[in-house]
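Take a look at the structure set out below.
The values are calculated or read from the model by the stated rules, or taken from the named source; none is laboratory data. Given the structure is predicted, the values throughout are model-derived calculations rather than measurements. Cβ: placed from backbone, ideal geometry, glycine included. Neighbour counts: every protein chain shown.
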Amino acid sequence: MSQEKPVRVRFAPSPTGKLHVGGARTAIYNWAFARANGGTFILRIDDTDPTRSTEENTQVILRAMRWLGLDWDEGPDVGGPCAPYKQTDRMDIYLDAAKRLAESGDAYPCFCTTDQLAAAKKAAQDRNDPFQGYQRTCRDIDPAEAQRRIDAGEPHVWRIKVPLDRGDVVIHDAVHGDVTFDAKELDDFVIIRTDGTPTYNFATVVDDAAMGITHVIRGDDHLSNTPRQVMVYEALGAPVPTFAHISMILGADGKKLSKRHGATSVEEYRDAGYLPDAFVNYLALLGWSLDGDTTIVPRDVLAKSFSLDHVSKNPATFDPKKLDWINAEYMSAMDDETFAHTVMVPELVEAGLMEEGECKGRKPWLLKLAAIIKPRAKLLGQCADLCRFLFEGDEVTMDEKSVAKGLAKEGCGSYVNAAREALASLDTDHWTADDIDACLEGLPERLDTSKRKFFQTVRVAECGNMVSPPLGASMELLGRDTSLARLDRARTLCG
Ligand code: GLU
């Protein structure tokens, strides 16, 4: 039985666009299923639709897969025993398979024109024929006669010959359970078009059979194709794999996720700065759960624990807030160095606050900055705003409301003076967060004011805002000269 064979699964995107959230989730499930079962994960490019497939899209999909960290064992770039892994490079294989089916009597050429097909369909409708599919017009043409017509250059397609006594097709779907398709719906469908190209239902099965795919995990928009595909497996004499059709992803309004709901391509999430680990974790939960409760499922746990019996057949709803929450959890779980490197510095560079090349010389400074920013940057794109005041030299941007509350009020001038005087006594060697805090600590009492008022004033003077990362640490990062210069400037704004 297929389940006992080593697991081989594939993700088979059509390069007709970017990799979307739904496709990414399918890829993740296939990858995780392979990893959890010690199996093989294959990437195959289904590019048989020449009008819509492009090489550029293929590259975009490969990049997105790499960013997601879904390494494939066989496929483009890495090769493998079933190469090539691009359908347009496998055209001979489909023609050979069709030829074999023709020889065994499981496929036949059909010469019907579009008009003839339309007329036959209309006639079936008019007589209320329960069978509305292709009327098998060419099924019984004498093979020698058919060959003569082919040799004479008459246009034809190849159709599969579905046994008339086949009966209903029951799919034992690992997610949906048994799904029965009425035998009446099974017509002799086209496997090779007039131009010699294979149809999706044929090429996919020829490849899945040749590649020894044991489990087909894909979106449930393909469930309706499955009975036809089963016909191809049976005609080829190949074992039918286990199917697992996963539910759709919906937007908050209950409609299929689309551009209307916001970003849908993996690229957009990458560019917005989401962490691939967090993104994979979030997508994995759209239809699968570890135990019903756990939200943080790191990649290695997913790769160990993923199973199809925990996949829900109900549609999942894409919730950007939950994605943000999971992303924030991953950010705060990072060590400072990783955070600086993967999140903070790229944002600072992007915001024009520093240049990429500056990082090396400023590593200790950046690590200290990461330590105070990391717990505060809960959402993406917040680093630059949180850090901006540290990059403005002596002339920090002043928030008006903060100035009104923290500097313009009576007494503020004396707080600034006292802070300036005390801090001036600290030399550069002692310009550390701890020493700065210790130096300022006793001042509110000496000035007969509250800690809140005093520190609010100093904070606004140094950071330009009442809200900032810890004051001592911020001033350490600003350096002695800038910190003192900012107090001098603040004095001019005091009431
Ligand atoms: N190329 C198909 C798609 O992108 C794959 C379907 C399948 O997995 O069989 O939808």
Selection status of Asp429, over 51 Å from the mean Cα position of the chain (by Cα), over 25 Å from Met344 (Cα atoms) and surrounded by fewer than 19 Cβ atoms within 10 Å (Cβ to Cβ): no
Verdict on Ile42 being β-branched (Val, Ile, Thr), part of a helix (DSSP H, G or I) and at pLDDT 95 or above: no
Any hit, region 247-257, residues being out of contact with any Cys (no Cβ under 6 Å at 6 or more places or on another chain), over 30 Å from Val343 (Cα atoms) and buried (at least 18 other Cβ atoms within 10 Å of the Cβ): yes
Val170 surrounded by fewer than 19 Cβ atoms within 10 Å (Cβ to Cβ), hydrophobic (A, V, I, L, M, F, W, C) and at negative phi: yes
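The rows are residues; the columns are (1) farther than 20 Å from Gln135 by Cα; (2) of a type outside the set (D, E, K, R).
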{"site": "Val162", "(1), (2)": "no, yes"}
{"site": "Asp168", "(1), (2)": "no, no"}
{"site": "Ile171", "(1), (2)": "yes, yes"}
{"site": "Leu186", "(1), (2)": "no, yes"}
{"site": "Phe189", "(1), (2)": "no, yes"}
{"site": "Thr194", "(1), (2)": "no, yes"}
Criterion (surrounded by fewer than 19 Cβ atoms within 10 Å (Cβ to Cβ), at pLDDT below 95 and over 15 Å from Arg25 (Cβ atoms)) met by exactly one of Gly237, Gly292: Gly292
Residue within region 89-110 that is modelled with pLDDT of 95 or more, aromatic (Phe, Trp, Tyr) and within 16 Å of the ligand (Cβ to nearest atom) present: yes
Residues (more than 16 Å from the ligand (Cβ to nearest atom) and not in a loop (DSSP other than H, G, I, E, B)) located in region 182-213: Ala183, Lys184, Glu185, Val190, Ile192
Residues satisfying the stated conditions in region 219-233, i.e. of a type in the set (Asp, Glu) and within 8 Å of the ligand (Cβ to nearest atom): Asp221
Subset tally (residues that are farther than 18 Å from Phe391 by Cβ and not in a helix (DSSP H, G or I)) for region 451-495: 5
Selected residue [free of Cβ contacts under 8 Å to residues at least 60 places away in the same chain and surrounded by 15 or more Cβ atoms within 10 Å (Cβ to Cβ)] from Leu440, Leu380: Leu440
So Ala146, is it more than 16 Å from the ligand (Cβ to nearest atom) and either of a type in the set (A, V, I, L, M) or buried (at least 17 other Cβ atoms within 10 Å of the Cβ) (or both): yes
Residue identified as surrounded by 15 or more Cβ atoms within 10 Å (Cβ to Cβ), away from the ligand (no atom under 15 Å from the Cβ) and in a strand (DSSP E or B) among Val216, Val179: Val179
Some residue of region 48-57 being at pLDDT 95 or above, assigned to a helix (DSSP H, G or I) and either within 12 Å of the ligand (Cβ to nearest atom) or buried (at least 21 other Cβ atoms within 10 Å of the Cβ) (or both): yes
Only one of Glu445, Glu410, Glu421 that is over 38 Å from the mean Cα position of the chain (by Cα), in a loop (DSSP other than H, G, I, E, B) and exposed (fewer than 13 other Cβ atoms within 10 Å of the Cβ): Glu410
Any hit, region 186-193, residues being in contact with a helix residue (DSSP H, G or I) (Cβ under 8 Å, 6 or more places away or on another chain) and within 30 Å of Val311 (Cβ to Cβ): yes
Those residues of region 237-284 which are within 12 Å of the chain's Cα centre (by Cα) and part of a strand (DSSP E or B), in sequence order: Ser265
Check on Leu380, part of a loop (DSSP other than H, G, I, E, B) and not hydroxyl-bearing (Ser, Thr, Tyr): yes
Selected residue (criterion: nearest to Trp31 (Cα to Cα)) from residues of region 200-213 that are surrounded by fewer than 22 Cβ atoms within 10 Å (Cβ to Cβ) and of a type outside the set (A, V, I, L, M): Gly212
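One line per residue, one yes/no per condition, for (1) part of a helix (DSSP H, G or I); (2) basic (Lys, Arg); (3) crowded, with 17+ Cβ neighbours inside 10 Å; (4) under 18 Å from the mean Cα position of the chain (by Cα):
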site: Asp324; (1), (2), (3), (4): yes, no, no, yes
site: Asn327; (1), (2), (3), (4): yes, no, yes, yes
site: Met331; (1), (2), (3), (4): yes, no, yes, yes
site: Met334; (1), (2), (3), (4): no, no, yes, no
site: Thr338; (1), (2), (3), (4): yes, no, no, no
site: Val345; (1), (2), (3), (4): yes, no, yes, no
site: Leu348; (1), (2), (3), (4): yes, no, yes, no
site: Leu353; (1), (2), (3), (4): no, no, yes, no
Residue identified as within 16 Å of the ligand (Cβ to nearest atom) and in contact (Cβ under 8 Å) with a residue 24 or more places away in the chain among Asn30, Asn37: Asn30
Residue satisfying all of: in region 58-98; hydrophobic (A, V, I, L, M, F, W, C), in a loop (DSSP other than H, G, I, E, B) and surrounded by fewer than 16 Cβ atoms within 10 Å (Cβ to Cβ); farthest from the chain's Cα centre (by Cα) among these: Ala83
Residue in region 265-284 that is surrounded by fewer than 22 Cβ atoms within 10 Å (Cβ to Cβ) and within 16 Å of the ligand (Cβ to nearest atom) present: yes
Test: residue in region 323-338 that is under 30 Å from Ala24 (Cα atoms), among the acidic types (Asp, Glu) and without any contact (Cβ under 8 Å) to a residue 12 or more places away in the chain: yes
